[in-house]
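The block underneath contains the structure these notes are about, expressed in structure tokens.
The values are calculated or read from the model by the stated rules, or taken from the named source; none is laboratory data. Note that the structure is predicted; figures quoted are calculated from it, not measured. So basically every Cβ, Gly included, is an ideal-geometry build from the backbone, and we count neighbours across all protein chains shown. Calculation scope for accessible area: heavy atoms of the full protein, side chains included, ligands and nucleic acids excluded. Shrake-Rupley method; radii C 1.70, N 1.55, O 1.52, S 1.80 Å.
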Amino acid sequence: MIKKKGFTLIELLVVISIIGILASIVLVGLGGARKKAKDARITADLSQVRAIAEMLNADAEKYDDLCDSSDTLNESAPAPYGSQLATVEDDIAVQQGTTTANLKCQASGDNYCVAAQLVADTGKYYCIDSTGQAGATTTATNPCTSPNSTCGL
């Protein structure tokens with residue numbers, strides 16, 4: 001009798017099923033990391049908004065051009081800020097998995113408040129304001145209800 005070297009079909013199926021189970025465990029574990037990465041991107045986007053707000057204030061000595069009448073970022077702000085704000089708002093929407101960003105922008109004179117909803121911490125918002133505060137809210141309500149609002153962190 002000649003012995004053949006190699007694996008049987010059963011052995012191959014067992015190895016493939018074990019690899020499949022391990023792969024599914026890893027993919028499930030990465031779901032939370034993806035959401036946290038999206039929150040980090042939203043945080044970075046709002047840091048960019050803070051920089052743009054300060055440049056707008058330096059040019060016009062007011063924050064009025066940061067937000068538009070629909071309480072979102074002002075895509076019609078003077079060049080080059082409008083296109084930058086549009087890019088930031090679009091990126092926040094992509095991270096949130098929506099077509100329009102779930103954010104609130106309030107600005108008037110010497111004050112502004114901008115908050116965007118986070119993904120991993122469902123219902124919470126990351127907020128920046130003209131007083132220098134920045135961080136995640138502890139409640140599920142958007143803190144930016146008026147231009148004079150602060151993040152209240």
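Could you give each residue of the range 24-41 its phi-based ³J(HN,Hα) in whole Hz, using Karplus coefficients 6.51, -1.76, 1.60 with θ = phi - 60°, and x for Gly or Pro?
5, 5, 5, 5, 5, x, 7, x, x, 5, 5, 5, 5, 5, 5, 5, 5, 5
For the range 12-91, what is Rg from Cα atoms divided by 2.2 N^0.38 Å, rounded to two decimals?
So the Cα radius of gyration is 1.84 times the expected 2.2 N^0.38 Å.
On alpha-carbon atoms, Rg over Rh for the chain using Kirkwood Rh? Numbers along the way, then the final one.
On the way: Rg = 23.6 Å, Rh = 17.6 Å.
Taking Rh as the inverse mean 1/r over Cα pairs, Rg/Rh reads 1.34.
Run the helix sum for the chain: -39,500 (n - 2.57) per DSSP H stretch of 4+ residues, divided by residue count, reported at 222 nm to the nearest 500 deg cm²/dmol.
Details: 2 runs with 68 residues, N = 153.
After summing the helix terms and dividing by the residues of the chain, the value is -16000 deg cm²/dmol.
Residue 101's amide H: which non-local residues (gap 5+, or another chain) put their own amide H closer than 5 Å, with H modeled 1.01 Å from N in plane and none for Pro or chain starts?
93
Would you mind checking the tilt of helix 81-96 against the longest principal axis of the Cα atoms of the chain, expressed as 0 to 90 degrees and rounded to 10?
With rounding to tens, the tilt is 40 degrees.
Residue-wise, which Karplus ³J(HN,Hα) couplings in Hz belong to the range 42-56, taking 6.51 cos²θ - 1.76 cosθ + 1.60, θ = phi - 60°, and x for glycine or proline?
Running phi through 6.51 cos²θ - 1.76 cosθ + 1.60 with θ = phi - 60° gives 4, 4, 5, 4, 5, 5, 5, 4, 4, 5, 5, 4, 5, 5, 4 Hz.
Can you send over the carbon and sulfur percentage of the accessible area for the range 86-153, probe radius 1.4 Å, protein chains only?
Values: 1400 of 3040 Å².
That fraction is 46 percent.
Can you give the relative contact order of the chain as a percent, counting alpha carbon pairs under 8 Å and 6+ residues apart?
17
Suppose the chain between residue 48 and residue 36 were pulled fully straight at 0.36 nm per residue; how much longer would it get relative to their current alpha carbon spacing?
2.5 nm
Give a quick list of GluC sites (Glu not before Pro) in the range 1-109 that DSSP marks as loop, anything other than H, G, I, E or B, with at most 13 other Cβ atoms within 10 Å.
61
Please work out the average accessible area per residue across the range 46-88, using the 1.4 Å probe convention, and give it in Å².
Accessible area per residue, the range 46-88: 50 Å².
Between residue 91 and residue 71, with labels modelled 7 Å along Cα→Cβ, what's the label distance in nm to one decimal, could you check?
2.5
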